[in-house]
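All remarks here apply to the structure that follows.
The values are calculated or read from the model by the stated rules, or taken from the named source; none is laboratory data. Quick caveat, the model's predicted, so the values are computed rather than measured. Positions of Cβ are generated from backbone atoms using ideal geometry, with glycine treated the same way; all protein chains shown enter the neighbour counts.
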Amino acid sequence: MDKMFLPLGNGIGLFDNDKLCVSIIDQNGDKKVGGKMVKPIKKFWLLPIIRGYTFFIRGILLYISVFILQSSLDTRKEEDKNKSYKQAKKLDFASGYIALIASVIIAFLFGFLILGLFPSYLFNKAFEYSTNYYFRSFMIALIRFAIVYIIMVLLRFSSIMNGIYSFNGAGNQFMFGKADTIRSRTYPLNFLNFLINIFIFSLFVVSLVAVNINFIVNFFCNLAIFLFVIPLCYETLRYITYTKYVWLKDIALVTNWLVCMKPNITQEEVLTVAQMEISSYENFETTGKDRISMSALYAEMQTKLRAVEKLEKSDIDWIIATVLRKNRVEIKLVRSVSQKEYREIMRACERRAKGEPLSNIFGFVEFYGLRMDVNKKVLTPRMETEILIEEAIKKIREFELEKVLDLCTGSGAIAIAVAKYTDAKVTAIDISKPALQVAENNAIKNDVKIEFLQCDIFKGLKKSKKYDIIISNPPYIKTSDIEKLDIEVKKYDPRLALDGGNDGLDFYRQITMNARQHLNKKGWLFFEVGQGQAEKVQDMMQENGFEEINIVKDYNKIERIVYGRISK
């Protein structure tokens with residue numbers, strides 16, 4: 001009983017680990033969220049049978065809290081909260097009470113006629129010659145059951161209840177994740193289904209027993225039946241919820257489908273807001289006027305990026321942190337953003353959803369703890385390249401290597417990271433002058449001294465210049481595969497930094513064949529390679545006199561780094 005969800009017409013309340021959170025969407029389409037801590041219950045109230053009453057009473061009390069929280073989140077003017085507000089103001093105090101009493105009387109008469117007299121009338125018409133008491137009671141109970149069920153079916157297909165039933169369907173995802181089938185979308189022990197089962201089966205049993213002594217005895221007998229049905233329904237639904245027998249779950253759909261509908265995207269977002277609020281924060285903070293909660297912002301960004309299969313949490317964090325001018329740790333303390341910040345964040349999110357890389361959106365990228373400016377003239381540094389840096393720095397420190405050469409430097413990310421975190425003297429080479437300009441600017445901004453040279457691989461280097469370690473992340477995409485690349489690579493990265501020839505290995509051949517001439521004794525050669533290229537590059541290095549060759553996998557278990565040292 002640690003979790004419970006309580007649907008509303010415009011939102012949902014989630015209860016989890018003594019925290020109650022309410023998330024709604026107002027008439028302006030803004031998502032509002034708030035919550036409170038709930039006092040935990042003692043283990044005694046969770047014992048079998050007793051827990052059924054606990055679930056029933058606690059659910060009602062939580063619903064009351066949910067309605068109160070919902071009201072506090074509605075920031076509209078008082079006269080806008082109810083369409084009948086102006087008409088209601090015209091009613092005086094006495095006429096208001098008269099209207100309330102009239103509504104109660106009408107509801108009572110409707111129930112008395114439809115569920116009281118009408119079933120008996122139908123039975124007498126259909127079985128006017130039958131006098132068997134038990135048969136009569138059973139048939140009237142069935143008729144009442146059928147009437148209630150038909151009313152519930154009509155309600156399900158009416159627009160009046162769409163909101164609450166759809167949010168009830170969203171609540172099922174809170175209990176055991178998103179699913180697409182009807183069976184998996186329905187959670188038998190949801191509170192609405194529990195209430196309907198209590199009502200229907202209490203009505204059926206009361207009609208079946210048909211106690212008819214006097215008013216007081218009838219009342220207490222029917223109350224006893226109602227109290228008996230509560231734990232019976234709870235224990236039954238609880239067993240069905242957790243049983244491995246699928247056919248039992250199918251039986252539960254008889255009532256469960258009445259109160260569960262598939263939520264739309266917006267309703268799923270509202271659910272996500274509440275889930276994130278409960279899981280991310282120890283306390284609750286009601287969203288202020290003209291502010292967007294961080295959980296609502298995350299939910300909307302997730303929906304937008306998931307729709308185009310671009311969802312990466314790191315991207316969301318990066319966008320928010322960049323716009324707010326904070327680091328990723330600091331944004332965890334931020335509870336809401338202004339309307340202006342929200343619009344700026346969502347503009348960046350929409351560009352990301354269209355395939356534009358974050359580096360192009362903001363003009364820089366975080367790499368190995370350093371900020372690197374990038375543009376369309378250079379390849380955006382990837383996370384996998386950080387592994388190349390780590391492995392190279394280990395060897396530089398282990399063997400106290402002094403001279404480093406970075407081939408195909410591009411933005412200068414590799415050269416700058418090595419220069420920043422070691423005492424080695426670094427030279428960086430690239431054939432592209434615009435790329436070298438970007439790299440030089442990045443070196444200045446990161447306060448490192450690097451020798452930058454414009455030349456094609458080793459051409460232009462003095463033969464007398466030798467290095468202790470050569471590092472390279474050269475172009476390694478097959479020429480024929482470039483058009484098949486994702487739009488964010490194909491459109492925004494320079495082709496010069498991608499095209500590795502017919503088999504993607506042209507640069508590895510050229511570098512491996514000439515590296516020995518520019519390496520000191522026992523010098524090292526480090527490569528980053530494409531998927532499926534590691535063994536071929538390893539063979540090249542062996543053929544050209546390298547030994548102690550190692551292959552290192554990246555975060556996705558792909559062989560990404562190949563390195564070795566010359567044998568003499």
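For this structure, a couple of remarks:
- Meets criteria (in contact with a helix residue (DSSP H, G or I) (Cβ under 6 Å, 6 or more places away or on another chain), modelled with pLDDT of 85 or more and outside the structural domain of Phe201 (by TED's automatic domain parsing)) for Ala296: yes
- When we screen Leu203, Leu223, Leu253 for residues that are surrounded by 12 or more Cβ atoms within 10 Å (Cβ to Cβ), out of contact with any helix residue (DSSP H, G or I) (no Cβ under 9 Å at 6 or more places or on another chain), among the hydrophobic types (A, V, I, L, M, F, W, C) and in the same structural domain as Val153 (by TED's automatic domain parsing), the only hit is Leu223.
- Cβ pairs under 7 Å, 6+ apart, first in segment 147-163 and farther than 14 Å from Ile196 by Cβ and assigned by TED's automatic domain parsing to the domain that holds Ser207, second surrounded by 12 or more Cβ atoms within 10 Å (Cβ to Cβ) and small (Gly, Ala, Ser): Gly163/Gly9
- Segment 444-463, residues that are under 20 Å from Lys376 (Cβ atoms) and in contact with a Gly (Cβ under 9 Å, 6 or more places away or on another chain): Phe452, Gln454
- Qualifying residue in segment 412-433 (condition: surrounded by 19 or more Cβ atoms within 10 Å (Cβ to Cβ), among the small types (Gly, Ala, Ser) and in contact (Cβ under 8 Å) with a residue 60 or more places away in the chain): no
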